[in-house]
1. From the list L223, L158, exactly one residue is surrounded by fewer than 18 Cβ atoms within 10 Å (Cβ to Cβ), among the aliphatic types (A, V, I, L, M) and at pLDDT 95 or above. Which is it?
2. When only residues in segment 117-136 that are in a helix (DSSP H, G or I) and in contact (Cβ under 8 Å) with a residue 24 or more places away in the chain count, which is surrounded by the fewest Cβ atoms within 10 Å (Cβ to Cβ)?
3. Suppose we filter I352, I326 for residues that are in contact with a strand residue (DSSP E or B) (Cβ under 8 Å, 6 or more places away or on another chain) and free of Cβ contacts under 8 Å to residues at least 12 places away in the same chain; which single one remains?
4. Where residues in segment 280-315 are more than 28 Å from V128 (Cα to Cα) and touching a Lys or Arg at 6+ places or on another chain (Cβ under 8 Å), which of them is surrounded by the most Cβ atoms within 10 Å (Cβ to Cβ)?
5. Given the conditions (1) part of a helix (DSSP H, G or I); (2) touching a helix residue (DSSP H, G or I) at 6+ places or on another chain (Cβ under 6 Å), and given that A85 satisfies all but one, which numbered condition is not satisfied?
6. Answer yes if at least one residue in segment 6-19 is out of contact with any Ser or Thr (no Cβ under 9 Å at 6 or more places or on another chain), in contact (Cβ under 8 Å) with a residue 24 or more places away in the chain and surrounded by 20 or more Cβ atoms within 10 Å (Cβ to Cβ), and no otherwise.
7. Out of curiosity, is Q199 more than 23 Å from Q358 (Cβ to Cβ) and outside the structural domain of R8 (by TED's automatic domain parsing)?
8. Tell me which residues, restricted to segment 308-347, are of a type in the set (D, E) and either not assigned by TED's automatic domain parsing to the domain that holds D242 or not in a strand (DSSP E or B) (or both).
Amino acid sequence: MNRLQNLRKALTEEKLDAVLISSLPNVTYLAGFSGFTTMDRDAYLLVTKTKQYIFTHGIYKEIVAKTVKDFELIEIKREKPISVALRVIVEQEKIKKLGFEAFDLKVNEYDKLIKQVSKKLLHPADPVNKLRIIKTPDEIQTIKKACALGDQAFTYILKQIKESVTETDLATELEFFIKRNGGDISFAPIVAFGPNASQPHHVPDGTKLKKNSFILFDFGVLLNNYCSDMSRTIFFGKANKDQKNAYEAVVTAQEESMKLITSRLSLKKQIKGSEVDKVAREYLTLQNFPSMPHSLGHGIGLEVHEPPRLTPISDEELKPGMVFSIEPGVYLPGEFGIRIEDLFAIEDKKLIPLTKAQSKFIEL
């Protein structure tokens with residue numbers, strides 16, 4: 001109920017009478033139920049100053065009635081779609097200013113909605129994501145547990161590495177290990193050998209592992225609705241000096257970013273995501289490596305990517321309760337890619353690492 005209370009405070013601040021929630025992560029955040037699919041629009045929430053409603057289809061009616069206790073359940077059907085059900089409540093509660101998640105609602109959904117509810121009542125709003133950016137201690141603890149399982153998965157996968165194994169073999173092994181140990185994957189694992197690793201989001205394929213190649217892993221765990229995310233790069237064989245230097249540059253870039261955050265926290269100074277990105281990016285370019293094709297980091301929680309963002313243009317301030325990645329990388333097309341990604345939380349005025357798997361250079 002604290003989440004609903006905080007949302008109602010946000011409604012007052014934004015001068016809204018109610019808000020329609022359509023995005024699945026926000027439905028999960030407020031209702032505490034994660035059984036809806038991502039394939040169809042299975043549920044909406046409506047939160048007013050005094051009441052909260054959940055709209056869903058008959059196939060979910062029984063489980064929602066048992067699980068979601070604090071919301072009034074309204075079944076939606078072909079003959080009574082969400083637009084009609086919503087119009088009834090808007091009229092009953094005399095809602096004059098209704099927020100909606102414009103970033104999530106589809107155009108055809110919006111078109112149907114404004115046929116039932118006056119367009120003048122609707123106002124784009126995003127109050128829930130503003131609440132989700134600051135995690136509670138319980139949320140951080142859940143993410144820590146997901147990270148711990150990810151650490152175990154990394155230890156396990158190192159033992160599965162051998163010549164001629166394929167990228168898809170290792171990606172599958174990672175997924176099975178995580179599922180066998182009580183979790184799920186938060187996204188499809190990335191496993192990239194040698195030149196394939198220069199593509200940050202390479203899709204694992206049948207490429208076979210050869211001696212003297214980098215192996216890049218990027219994977220995450222989904223545990224109790226919360227995600228982890230980590231990247232590690234190891235070397236299969238014996239690395240040369242240039243390859244080792246590239247790896248150490250990535251390690252140092254991450255360390256420089258961490259030092260900036262730690263220093264600002266100790267001095268009680270503002271830390272912007274763009275400043276942290278700049279430190280790592282400039283260090284790597286000074287070492288004559290290309291600028292990263294991606295941001296330095298992102299927030300994480302119910303989704304793998306959520307605010308705050310550590311990008312060159314981010315003006316978001318890093319604050320206590322935030323959980324985010326720091327993931328510098330070096331990518332040389334046709335040669336190799338190296339990325340090290342760890343998750344951190346700001347707790348008790350300190351930068352706390354959540355991923356613990358070793359990041360020192362590994363040669364197998």
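1. Result: L158 is the single residue among L223, L158 that is surrounded by fewer than 18 Cβ atoms within 10 Å (Cβ to Cβ), among the aliphatic types (A, V, I, L, M) and at pLDDT 95 or above.
2. K130
3. Checking each option against the conditions leaves just I352.
4. M292
5. (2)
6. Yes: one or more hits.
7. Considered against the rule, which asks whether it is more than 23 Å from Q358 (Cβ to Cβ) and outside the structural domain of R8 (by TED's automatic domain parsing), Q199 comes out as yes.
8. Residues satisfying the conditions are D315, E316, E327, E335.
The values are calculated or read from the model by the stated rules, or taken from the named source; none is laboratory data. Quick caveat, the model's predicted, so the values are computed rather than measured. Positions of Cβ are backbone-derived with ideal geometry, glycine not excepted, and every protein chain shown enters the neighbour counts.
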